[in-house]
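Just so it is clear, none of the values below were taken in a lab; they were calculated from the coordinates. Owing to the predicted nature of the structure, the values given are computational and were not obtained by experimental measurement. Neighbour counts run over all protein chains shown; Cβ positions are idealised from the backbone, glycine included.
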Amino acid sequence: MKPSDSLQDFAYEEIKKRIQNGEYAPGTKLNTQEISDSLGISRSPVLAAINRLIALGLVEATPRKGTTVAQLSDTQIRNIIEARQMMELFCVKLCIRNIEYHPSIIKEMETVVQEFETALEAGYPAAAELETKFHTLYISLCGNPQIMKLYESNWSIGTMFYMYSATNLPLDQLKTSFHQHKEILNTLKAKDEAALQKIIEEHMSIVYETLEWYSQAAKH
């Protein structure tokens, strides 16, 4: 990998994270010079990163207006959520099959579950980081790099926190969702395929409820 590639990836992840946690709210104009200064890098990798975010649909480019953070529609968000649910459910059998071969991943997931205990007090950025880490570790257990790539490019977890920050949804309303991670992990370790599918569906139902909240808030 060329140094320029790693800087582009760094800029891409950082800008995406700022959109996710609400620092760059929908409609915010992205000033490439300000972003490059804040990241301590040149404008070239920032421009390349923004082009990737345009392709992902998180940023919009308008002639004579520049680039702004996109206002995702209900349909766009629902499509992302459905794709996420499809991948997480598809991976149930694969993850259970591979669990014995990846004890380090399980250990990392256990650490994340413990850290969720203080996630509510830490705010959006910390909660989003933990949520992303837990589910990414889960998907990595499937052992299929193509699925992993699709999951990450789908902005599967980021969409949820985009909705939270865009509507100022209090994180304490998500206690049930956070506590479900422990149940997901325990069910995975027990290798109970039916129970794991059920808890993932219950976990996703909270995401769909958040979409309804987002839809109502967008109308006001």
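Identify unpaired cysteines across the chain, taking unpaired to mean no other cysteine Cβ lies under 4.7 Å from the residue's Cβ.
Cys95
For the stretch 59-64, take each phi angle, set θ = phi - 60°, evaluate the Karplus expression 6.51 cos²θ - 1.76 cosθ + 1.60, and give the result in whole Hz per residue in order, putting x for glycine and proline.
Values per residue, Gly and Pro as x: 10, 10, 10, 10, x, 6 Hz.
Can you tell me the 0 to 90 degree angle between the C-alpha axis of helix 158-167 and the longest principal axis of the chain, rounded to 10?
Result, in degrees: 60.
Can you flag which of Lys29/Lys133; Lys133/Lys175; Lys17/Lys65 are past 26 Å Cα-Cα? Mind showing how you got there, number by number?
On the way: Lys29/Lys133 28 Å; Lys133/Lys175 18 Å; Lys17/Lys65 23 Å.
Violating the 26 Å limit, Cα to Cα: Lys29/Lys133.
Where does helix 43-56 land angle-wise versus the long Cα axis of the chain, in degrees 0 to 90, nearest 10?
Between helix and principal axis, roughly 60 degrees.
Plugging the Kirkwood radius over Cα pairs into Stokes-Einstein for the chain, at a temperature of 37 °C and a viscosity of 0.692 mPa s, what D comes out in µm²/s? Intermediate results must be reported in sequence, preceding the final value.
Numbers: Rh = 18.3 Å.
This corresponds to a translational diffusion coefficient of 179 µm²/s.
Taking the Cα centre as origin and putting +1 on Lys and Arg beta-carbons and -1 on Asp and Glu beta-carbons, what dipole magnitude results for the chain, to the nearest 20 debye?
On the way: 22 positive and 28 negative charges, 135 e Å.
The dipole magnitude comes to about 640 debye.
Please give me the summed charge of the neighbours of Phe134: other residues whose Cβ is under 11 Å from its Cβ, Lys and Arg +1, Asp and Glu -1.
Details: positive: Lys133, Lys182; negative: Glu108, Glu110, Glu115, Glu129, Glu131.
Around Phe134, the charge tally is -3.
So how do Trp155, Trp213 line up by other beta-carbon neighbours within 10 Å, fewest first? Intermediate results must be reported in sequence, preceding the final value.
Working: Trp155 23, Trp213 14.
Ranking Trp155, Trp213 by Cβ neighbours within 10 Å, fewest first, gives Trp213, Trp155.
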